[in-house]
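The structure appears below as structure tokens.
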Amino acid sequence: MTLKKLIERNSLDPGHGKVVTVEDHPVALFNVSGEYFALDNTCPHRGGSLGWGKLNGEVVTCPWHGWEFNCRTGEALENPGIKVERFTLCVKEDGIYVEW
């Protein structure tokens, strides 16, 4: 695995998420009170973009049908057996990196 830079440090405000692309793969990146988390961007229900979902604490709600996922674990709140892939991040002085 190698580190791939996602964004500049401090360019994503706390309480927000965004979609970034790593080698043509969309990744949902979230800033939860200064702690960063990355998930596969695609909701397993119907393919909604989790990066465009509403973030409440460490829970993101898919904008299409309201499925909720914990950013820290990737687990669906309604059914922990359903998960989206989580990616390991590295925060450096010059940016936020993902292990890819």
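The values are calculated or read from the model by the stated rules, or taken from the named source; none is laboratory data. Just so it is clear, the model here is predicted, and its values are computed rather than measured. Cβ: placed from backbone, ideal geometry, glycine included. Neighbour counts: every protein chain shown. Note: areas computed on protein heavy atoms with side chains; ligands, DNA, RNA excluded. Shrake-Rupley method; radii C 1.70, N 1.55, O 1.52, S 1.80 Å.
Subtracting the Cα-Cα distance of V22 and W52 from their residue separation scaled by 0.36 nm leaves 9.1 nm. When the chain is treated as a GNM with alpha-carbon contacts under 10 Å, the residue of V22, V60, V32 showing the greatest mean-square fluctuation is V22. Scanning residues 5 or more positions from G48 or on other chains, those with amide H under 5 Å from its amide H are C43, with H placed 1.01 Å from N in the peptide plane.
Each Lys and Arg Cβ is given +1 and each Asp and Glu Cβ -1; about its Cα centre, the chain then shows a dipole of about 80 debye.
For the chain, C71, C90 have no disulfide-compatible partner, since no other Cys C-beta lies under 4.7 Å from theirs. Per-residue SASA remark: S49, around 20 Å² accessible (1.4 Å probe; ligands, DNA and RNA not included). The alpha carbons of segment 35-100 occupy a box of 37, 21, 20 Å along the principal axes, longest dimension given first.
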